[in-house]
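Since the structure comes first, as structure tokens, the remarks are kept for the end.
The values are calculated or read from the model by the stated rules, or taken from the named source; none is laboratory data. Keep in mind it's a predicted model, so treat the numbers as computed, not measured. With ideal geometry, Cβ positions are generated from the backbone for all residues, glycine too; neighbour counts draw on all protein chains shown. SASA here: full protein model, heavy atoms, side chains in, ligands and nucleic acids out. Shrake-Rupley method; radii C 1.70, N 1.55, O 1.52, S 1.80 Å.
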Amino acid sequence: MNEPLYASHHVLFNVLLLVFSLMLFLWLWIGGQEFQVNASHQHFHPRSIKIPGDITLGGLFPIHARGPHGLPCGELKKEKGIHRMEAMLYALDQINSDHDLLPNITLGARILDTCSRDTYALEQSLTFVQALIQKDTSDIRCSNGEPPIIRKAERVVGVIGASASSVSIMVANILRLFEIPQVSYASTAPELSDNNRYDFFSRVVPPDSYQAQAMLDIVKALGWNYVSTLASEGNYGESGVEAFMQISREAGGVCIAQSVKIPREPTAGEFDKIIKRLMETSNARGVIIFANEDDIKRVLEASKRANLTGHFLFVGSDSWGAKSSPITELEDVAEGAVTILPKRASIDGFDQYFTSRSLENNRRNIWFAEFWEDDFRCKLTRPGIKMDPDKKKCTGEERIGRDSSYEQEGKVQFVIDAVYAVAHALHHMHRDLCPGSFGVCSSMDPVEGNSLLNYIRAVNFNGSAGTSVLFNENGDAPGRYDIFQFQMTNHSHPGYHVIGQWTNTLRLNLEEMQWSGGDKSVPDSICSFPCKPGERKKMVKGVPCCWHCELCDGYQYQLDEFTCETCSSDMRPTTNRTTCRPTPIIKLEWNSPWALVPASIAMLGILATSTVVITFIRFNDTPIVRASGRELSYVLLTGIFLIYLITFLMIAEPGVVVCAFRRLLLGLGMAITYSAMLTKTNRIYRIFEQGKRSVTPPKFISPTSQLAITFILISVQVLGVFVWFAIIPPHTIIDYDELRPPNPDLARGILKCDMSDLSIICCLSYSIVLMVTCTVYAVKSRGVPETFNEAKPIGFTMYTTCIIWLAFIPIFFGTAQSTEKMFIQTATLTVSMSLSAFVSLGMLYMPKVYVIIFHPEQNVQKRKRSFKVSTELSQKSSNEKQNGDVKLEPDRMQ
């Protein structure tokens, strides 16, 4: 409840009490005029128990239940009514017989029946304040003219009770106006802890705020975070649930799925609707229930009708406690219910006292005869009342506990402690105000209520159960609870079993708990199950206990329960995505197919090149070797050899030295090869073009000039590489981006030289320019007789080479998104270069080697042709081309 509502109730109660006080005053004034004093006294005191004494205590007990159809009282309540009321009588007997406590002072009592109704209890409690209302009797005369003799109203110094919180709240509002302290033995509503509104109220039981804290601790100990609440309409139920919800909000970690209130007068089908509503959040299996016995029973019945036996996990307040009445014939539904009850003990002395009560020795209890009939299911004979023939007659010889079942009611201990608390307070007051005097002295006549309240709040003694009885500044007793669980399976004695205690902190024995069907594992009552490792929580707005689990995908890992973070570029998430791990580093291995195939091809090329070189060296002075241009041939073969050699450098493990040689040799072998070819084709082209115009030979056609031209062309490549060395020294890098597929398990860091795709193309670009230029000259020299020189073999070589490299480009750049990009590109590049070298080697030198080895008879010099003859042949060829007929005798020695 909120404070404005409290304030409105407070004003309403004060107005109501003022009206009652005025009515009481008017009634006393009128009663003194029209009725005899005895009659007036008999009318004012309803059915109550009067125990004479020097000091009188009031008592409020629910002797009867709430009456039906507007009647104030209903059926007798044996345990909550008679047991508790007899506990007060027992406590008075014990105190009055104790020579150390209130010596020479007898405590009396005026005990009233509240009939479990707050408004009726308020009417009854006016008895306690009548002595405090001043009455003017000066105008009242008896029939003979004499002033009336008015009995002094009994003064109640303190009230024991009431039981229900709603009754205590109603009564506390009128008692505080007359400063009469009140000590309750059962009222636990948190509202009564407000010392500003209920300053004269104290209690020997802990408030529901403690109980709510204990229940919250139980919920947390069971691992639940999503529960519903169920409360009976009224102060007890609503205040208890409100306390639980407030404490859970402040503590955090527990969310309320549903908060359902049971109407005071539920309609037909109301409880079925309640169960249906609770099932709207079926994950919230835990149900915190602050309800009266009848409501608890009907909730269990509705659960059974809905076939939900074992689904709901009830955590009941002390109104459920260890009572059997709410679960009778519903044990299967209630199995596993955890309940709470203020820590108590059975008082052996009371058992002996109560079981010895009989109709003869307990005449002071005006309701005992009714209890006797109810307990023994018999009927007492009364004068003028006809007896029901179907009922057996009570003999008076029956005995409690022998002829009827008996079990001490749970609050008996607290009733006794409440009476003793007031007795100890009066004892200390008497010691301070009446030192050395016997009986009640003038300082305690009357007993001043505010002073007595201070003494009550200051008591500290061992109660009937051996535990200390004391109050805090709000009049609340410390929280001490026993935790029960109703268990049926695997027990020789099914019923409530103590599984723990709560005294400011919870001690719960989870091993002794069992649930529906005897299951030992604690059932779940949670909104969302914990996320798996590698999943983050995405909270549901407004419900802090509910979330969706989202997997940290890609290269993300779980930083905390709410956040996914991306791993750094050199890391990848672990399998469960809870942290990052280093990405494995790979390189092209020699045993990989991507290395074996290019290496095998290159090895064959090296062998073939070596064979050609050895053959040329062996037959160095033969006409074929000399005619092929020995100097340039050796240069060209060196280039071819380097082309094959670069394959092994491209496969070798990257390092500074390897990377340096890769830069140097990647383009150098091709630059040497195509520089030599370009020089050859350019020489042939210039010779025959010059021959068309004159007989003067062109410049720079000597072997020395040809070598010079070739080395100049090669030096451009070498110079470019060394400039690259100077600007960016060769080094290795680990590329984590190239092989970073969607699946992080496949991610790899690639150890490689600092040569990007672009730098490789730039490194080869000069060789490509030489290749294209050589091809152009080969095309221009296509008219030269093919048997006269090497122009046409070089032409075919260049055409084939161009085709190879045109195929290389889409393959090389088309694999950019492949997970094996580096391997494919390395293999493509090396194979393309080896094929280019094979084309050059095969078309330019294999025919010569074949003739040298297998047809040595052709490797002879037939004649020597001068530049003049070449010029004539060139002119003749040109003229015959114009006539459409070319016939030349081949000179195989050229």
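Selection of first residues in the stretch 262-288 that are farther than 30 Å from Phe529 by Cα and of second residues that are among the basic types (Lys, Arg), restricted to Cβ pairs under 8 Å at least 6 apart or on distinct chains, gives the following pairs, ordered by first then second residue: Pro266/Arg298. Of the residues that make up the stretch 301-311, is at least one open to solvent by less than 20 Å² (accessible area, probe 1.4 Å), in the same structural domain as Ile274 (by the TED database), of a type outside the set (Gly, Ala, Ser) and at pLDDT 90 or above? No: zero hits.
Tallying residues that are open to solvent by less than 20 Å² (accessible area, probe 1.4 Å), closer than 12 Å to Pro847 by Cα and hydrophobic (A, V, I, L, M, F, W, C) within the stretch 609-631 yields 2. Residue under question is Asp118, and the condition is that it be at pLDDT 90 or above and surrounded by fewer than 22 Cβ atoms within 10 Å (Cβ to Cβ); does it hold? For Asp118, the condition - at pLDDT 90 or above and surrounded by fewer than 22 Cβ atoms within 10 Å (Cβ to Cβ) - is not met. Residue selection: Leu551 satisfies the criterion of being without any contact (Cβ under 8 Å) to a residue 60 or more places away in the chain, in contact with a Lys or Arg (Cβ under 9 Å, 6 or more places away or on another chain) and surrounded by 14 or more Cβ atoms within 10 Å (Cβ to Cβ). Within the stretch 155-198, the set of residues being open to solvent by 30 Å² or more (accessible area, probe 1.4 Å), in contact (Cβ under 8 Å) with a residue 60 or more places away in the chain and not polar (S, T, N, Q) comprises Arg155, Ala164, Leu177, Phe178, Glu179, Asp194. Figure legend. Inter-residue proximity from the stretch 68-87: first residues farther than 17 Å from Gln408 by Cα, second residues open to solvent by 60 Å² or more (accessible area, probe 1.4 Å), beta-carbon distance below 7 Å, spacing 6+ or different chains. Indicated pairs: Gly74/Arg66; Gly74/Pro68. Checking the stated criteria, Ser702 turns out not to satisfy the condition of being surrounded by fewer than 19 Cβ atoms within 10 Å (Cβ to Cβ) and touching a helix residue (DSSP H, G or I) at 6+ places or on another chain (Cβ under 9 Å).
Hey, does the stretch 650-669 have a residue that's in contact with a Lys or Arg (Cβ under 8 Å, 6 or more places away or on another chain), modelled with pLDDT of 85 or more and either of a type in the set (Val, Ile, Thr) or surrounded by fewer than 21 Cβ atoms within 10 Å (Cβ to Cβ) (or both)?
Taking every residue of the stretch 650-669 in turn, at least one turns out to be in contact with a Lys or Arg (Cβ under 8 Å, 6 or more places away or on another chain), modelled with pLDDT of 85 or more and either of a type in the set (Val, Ile, Thr) or surrounded by fewer than 21 Cβ atoms within 10 Å (Cβ to Cβ) (or both).
When you check Gly466 against the structure, is it in a strand (DSSP E or B) and touching a residue at least 12 places away in the same chain (Cβ under 8 Å), yes or no? The answer is no for Gly466. Does Glu738 satisfy the criteria of being in a loop (DSSP other than H, G, I, E, B) and either modelled with pLDDT under 85 or open to solvent by 60 Å² or more (accessible area, probe 1.4 Å) (or both)? So Glu738 fails the test. With respect to the conditions (1) open to solvent by less than 10 Å² (accessible area, probe 1.4 Å); (2) touching a strand residue (DSSP E or B) at 6+ places or on another chain (Cβ under 6 Å); (3) farther than 30 Å from Glu448 by Cα, Ala212 lacks only one, and its number is (2). Looking at Arg298, Arg264, just one residue is in a helix (DSSP H, G or I) and charged (D, E, K, R), and that residue is Arg298.
For the structure I just gave you, tell me whether Phe461 is in the same structural domain as Leu175 (by the TED database) and not in a helix (DSSP H, G or I). Yes. Just checking, does the stretch 791-805 include any residue being open to solvent by 30 Å² or more (accessible area, probe 1.4 Å), modelled with pLDDT under 80 and not in a helix (DSSP H, G or I)? Checked against the condition, which is being open to solvent by 30 Å² or more (accessible area, probe 1.4 Å), modelled with pLDDT under 80 and not in a helix (DSSP H, G or I), the stretch 791-805 yields no hits at all.
Please indicate, with yes or no, whether at least one residue in the stretch 228-238 is assigned to a helix (DSSP H, G or I), open to solvent by less than 10 Å² (accessible area, probe 1.4 Å) and closer than 26 Å to Ala186 by Cα.
Yes: the stretch 228-238 contains one or more residues that are assigned to a helix (DSSP H, G or I), open to solvent by less than 10 Å² (accessible area, probe 1.4 Å) and closer than 26 Å to Ala186 by Cα.
Note on the stretch 536-578: enclosed strands (runs of 3 or more DSSP E) holding 3 or more residues that are under 30 Å from Asp735 (Cα atoms) and at pLDDT 90 or above are 556-560, 563-566, 571-573.
The number of residues in the stretch 312-330 being in contact (Cβ under 8 Å) with a residue 60 or more places away in the chain and surrounded by fewer than 16 Cβ atoms within 10 Å (Cβ to Cβ) comes to 1.
Of everything listed in (1) open to solvent by less than 70 Å² (accessible area, probe 1.4 Å); (2) in a loop (DSSP other than H, G, I, E, B); (3) not polar (S, T, N, Q), the single unmet condition for Pro533 is (1). For the stretch 239-291, give me each residue that is surrounded by 13 or more Cβ atoms within 10 Å (Cβ to Cβ), more than 19 Å from Val219 (Cβ to Cβ) and at pLDDT below 90. Matches in the stretch 239-291: Pro266 only. For the stretch 826-842, the count of residues that are open to solvent by less than 30 Å² (accessible area, probe 1.4 Å), at pLDDT below 85 and assigned to a helix (DSSP H, G or I) is zero.
A quick yes/no check of all residues on (1) over 23 Å from the mean Cα position of the chain (by Cα); (2) farther than 28 Å from Tyr736 by Cα:
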site: Asp560; (1), (2): no, no
site: Asp570; (1), (2): yes, no
site: Thr578; (1), (2): no, no
site: Pro593; (1), (2): yes, no
site: Ala599; (1), (2): yes, no
site: Leu607; (1), (2): yes, yes
